[in-house]
Amino acid sequence: MSRSRLLPLTGIIAALAAWQIAFVLRPSSLIPGPIAVAQGIGELAVRGLLVKYVVASLFRVTWGYLVALVIAIPLGLALGMMRIGEMALNPILQILRPISPLAWIPIAILWFGVGDVSAIFLIFLASLLPMTVATMNAVHNIDPVHLAAARNFGIPLRARMRDVLIPAILPQLIVAMRITLGVAWLVVVAAEMIAVNSGLGFLIVDARNAGNRYDLVIAGMVLIGLVGIVLDLLMRRLERLDSVRWGYASE
């Protein structure tokens with residue numbers, strides 16, 4: 001095993017060992033040890049809740065995130081290329097962007113009720129605004145000479161977007177998609193604590209209310225972290241595509 005892979009594994013083992021030692025020294029603590037948490041995850045698997053809750057959370061993230069991408073990327077491209085449109089809409093984007101998606105929870109419940117649609121709406125909002133701004137800024141960062149050269153050669157607008165604009169912004173776009181997906185995963189967990197009755201966020205609240213099952217609370221937190229790592233690794237695979245690698249510094 002290479003050193004680059006061994007060091008993170010060593011860090012995880014050291015953290016687990018320190019956690020277990022702290023639990024042994026303070027057995028009366030409300031925080032359970034790693035063995036109890038692992039048993040809690042096993043209990044969820046036996047009861048059929050592990051896959052159910054993970055799939056429920058991923059379902060909401062997938063729909064909210066993908067719908068946001070379908071709207072945000074074309075909108076960002078349009079605003080980046082049309083100065084008038086950017087001047088008209090950018091102030092609205094900048095006002096809405098700092099508002100936490102969780103602040104929309106009462107409105108989401110009022111509009112859509114308690115259920116999947118409310119959570120998907122919150123994820124959509126959390127992904128739409130930063131993705132739109134990131135796409136718009138990526139267009140601004142393109143060297144104007146490239147677009148001017150394409151226009152001088154008489155290349156049609158659609159071909160310029162397909163062959164010049166999109167390949168030029170793709171590296172920045174992938175990074176923005178990766179960051180936005182992380183935000184979407186954070187939001188779905190928070191939304192599930194309030195607006196739905198399934199998912200990993202709901203697991204944490206339900207375990208806390210059902211007899212202070214802190215082993216399941218921590219188990220839910222661990223599962224959130226593990227799924228988040230997997231999602232990030234999947235997004236990082238996009239950075240290895242030949243059409244994208246040119247935009248990153250060589251390691």
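Values in this text are rule-based calculations from the coordinates and carry no lab data. From a predicted model like this one, the values you see are computed outputs, not experimental measurements. Cβ: placed from backbone, ideal geometry, glycine included. Neighbour counts: every protein chain shown.
Numbers for the structure displayed
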item	result
Options Ala36, Met161, Ile84, ranked by Cα towards positive dipole end of the chain, top entry (Cβ charges)	Met161
Check: the chain dipole with +1 on Lys, Arg Cβ and -1 on Asp, Glu Cβ, in debye	300 debye
Potential lengthening between Asn209 and Thr10 on full extension [0.36 nm per residue; Cα-Cα distance subtracted]	68.1 nm
Arg97 paired with Ala17, simple spin-label distance in nm, labels 7 Å along Cα-to-beta-carbon	4.5 nm
Per-residue ³J(HN,Hα) for segment 96-108, Karplus 6.51 cos²θ - 1.76 cosθ + 1.60, θ = phi - 60°, Hz, x for Gly and Pro	7, 4, x, 6, 4, x, 5, 5, 8, 4, x, 5, 4
Unit charges at the beta carbon, dipole of the chain: most positive-side option, Val205, Ile109, Tyr65	Tyr65
Phi to ³J(HN,Hα) by Karplus 6.51 cos²θ - 1.76 cosθ + 1.60 over segment 132-143, Hz, x for Gly, Pro	5, 5, 5, 5, 4, 5, 5, 5, 5, 7, 5, 5
Within segment 4-84, trypsin sites (Lys or Arg not before Pro) in DSSP loop having at most 15 other beta-carbon neighbours inside 10 Å	Arg47
Rg/Rg_ref, the chain, where Rg_ref = 2.2 N^0.38 Å and atoms are Cα	1.24
Debye, to nearest 20: dipole size of segment 11-103, +1 on Lys, Arg Cβ, -1 on Asp, Glu Cβ	80 debye
At most 11 other Cβ within 10 Å, DSSP loop - chymotrypsin sites (Phe, Trp or Tyr not before Pro), segment 12-53	none
Whole-Hz ³J(HN,Hα) from phi, Karplus 6.51 cos²θ - 1.76 cosθ + 1.60, for segment 162-179, glycine and proline x	6, 9, 10, 5, 5, x, 6, 8, 4, x, 5, 5, 5, 4, 5, 5, 5, 5
Degrees between helix 49-81 axis and first principal axis of the chain (Cα, 0 to 90, nearest 10)	20 degrees
Using alpha-carbon coordinates, inclination of helix 3-25 to the longest axis of the chain, degrees	40 degrees
Net charge contributed by nearby residues that have their C-beta within less than 15 Å of Val114 (K/R +1, D/E -1)	-2
Förster radius 22 Å - calculated FRET efficiency between Phe59 and Val222, Cβ distance, rounded to 0.05	0.60
